[in-house]
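Here's the structure, in structure tokens; my notes come after.
Laboratory data are not the source of any read-out in this text; all were calculated from the coordinates shown. These numbers were taken from a predicted model, which means no experiment stands behind them. Neighbour counts run over all protein chains shown; Cβ positions are idealised from the backbone, glycine included.
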Amino acid sequence: MLSYILIAVWLMLPAYVANATAVLCGGGEPVDRGKTMQDGRRVLGDGKTYRGLFGGIFAGTITGIAQIEIIIHIPYVVPSALTLSMFPVYVPLLMATGAMLGDMGASFLKRRAGFERGKMFPVLDQLDFVAGAFILTYPVASDWFVESFTPQILLTVIIITPILHVFSNIVGYLIGKKKVPW
Ligand code: CTP
Ligand code: MG
């Protein structure tokens, strides 16, 4: 049970870090540059910025590369279950980029559904970036993906991600980085 959680967090870390970093360093020019669509609503909204997008991809990728370096050079500092789930070097980039695209995709859908920026959309808000990370990573690294994300680990990811998301958003709200605590 504990090892499932450890493995799930380890595998998801580039995506988790990307998502958290986007919140921490977000701001400035929005990705949609303020454009609206025929429905009169913003394409993505002010909550999706270039700083968040690239900051998230960068931090998530660096995190995954650090994980790989740890397994290569100091494997004894991590539980042995984790050293088995070594990822190819391009996986962190895919996971982090996919996470950011998934998050943006969800904002696009939220705007089309008439939800204002920041309005809560349960499940979608918590799992959009997981879906994005998987959709981008699976086709490129399918052997690694199937080996690493066993059904048990996938289930663990789906259970723990919303819990971690809720907690980290409350922290983000308390430190003034999020306007709403979700
Ligand atoms: N953020 C950003 N750029 C991104 C993703 C996130 O700048 N690509 C920052 C924004 O400051 C955003 C905050 O992180 O307000 C929280 O992200 P999220 O909850 O995904 O955005 P919301 O503001 O809730 O907007 P939406 O309704 O579109 O989800
Ligand atoms: Mg939100």
Subject >> Residue match in segment 133-151 (condition: surrounded by 15 or more Cβ atoms within 10 Å (Cβ to Cβ), touching a residue at least 12 places away in the same chain (Cβ under 8 Å) and near ligand 1 (Cβ under 9 Å from one of its atoms)) >> reply: no
**OP:** Please find, among 95, 86, the residue that is surrounded by 12 or more Cβ atoms within 10 Å (Cβ to Cβ), away from ligand 2 (no atom under 16 Å from the Cβ), under 17 Å from residue 10 (Cα atoms) and in contact (Cβ under 8 Å) with a residue 40 or more places away in the chain.
**Re:** 95
**OP:** Determine whether segment 136-157 contains at least one residue that is within 16 Å of the chain's Cα centre (by Cα), farther than 30 Å from residue 88 by Cβ and not in a loop (DSSP other than H, G, I, E, B).
**Re:** no
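How about segment 37-118: which helices (runs of 4 or more DSSP H) wholly inside it have at least 1 residues that are among the small types (Gly, Ala, Ser), closer than 25 Å to residue 5 by Cβ and more than 16 Å from ligand 1 (Cβ to nearest atom)? Steps first, answer last, please.
Values: elements: 50-73, 80-83, 91-112.
Per the criteria, 50-73, 80-83.
Which residue is nearest to residue 129 (Cα to Cα), if the candidates are limited to segment 21-36 and must be of a type outside the set (Val, Ile, Thr) and near ligand 1 (Cβ under 9 Å from one of its atoms)? If you could, list the steps in order and put the result at the bottom.
Of all residues in segment 21-36, those of a type outside the set (Val, Ile, Thr) come to 22, 24-30, 32-35.
Narrowing the set further to residues that are near ligand 1 (Cβ under 9 Å from one of its atoms) leaves 22, 24-28, 30.
Numbers: 22: 12, 24: 16, 25: 17, 26: 16, 27: 19, 28: 21, 30: 18 Å.
Filtering first and then ranking leaves 22.
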**OP:** Out of the residues in segment 1-36 that are surrounded by fewer than 18 Cβ atoms within 10 Å (Cβ to Cβ) and in a loop (DSSP other than H, G, I, E, B), state the one that is nearest to the chain's Cα centre (by Cα).
**Re:** 27
Original post:
Name the residues in segment 119-131 that are touching a residue at least 40 places away in the same chain (Cβ under 8 Å) and either within 12 Å of ligand 1 (Cβ to nearest atom) or surrounded by fewer than 17 Cβ atoms within 10 Å (Cβ to Cβ) (or both), would you?
Top reply: 120, 125, 126, 129
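Sort out which residues of segment 7-20 are touching a Phe, Trp or Tyr at 6+ places or on another chain (Cβ under 8 Å) and not hydrophobic (A, V, I, L, M, F, W, C), and write them in order of number. Walk me through it before giving the result.
Step one: filter segment 7-20 for residues touching a Phe, Trp or Tyr at 6+ places or on another chain (Cβ under 8 Å), giving 9, 11, 15, 18-19.
19 - this is the single residue of segment 7-20 that is touching a Phe, Trp or Tyr at 6+ places or on another chain (Cβ under 8 Å) and not hydrophobic (A, V, I, L, M, F, W, C).
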**OP:** Check segment 156-178 and report whether any residue there is under 21 Å from residue 31 (Cα atoms), touching a residue at least 60 places away in the same chain (Cβ under 8 Å) and either surrounded by 20 or more Cβ atoms within 10 Å (Cβ to Cβ) or within 12 Å of ligand 1 (Cβ to nearest atom) (or both).
**Re:** yes
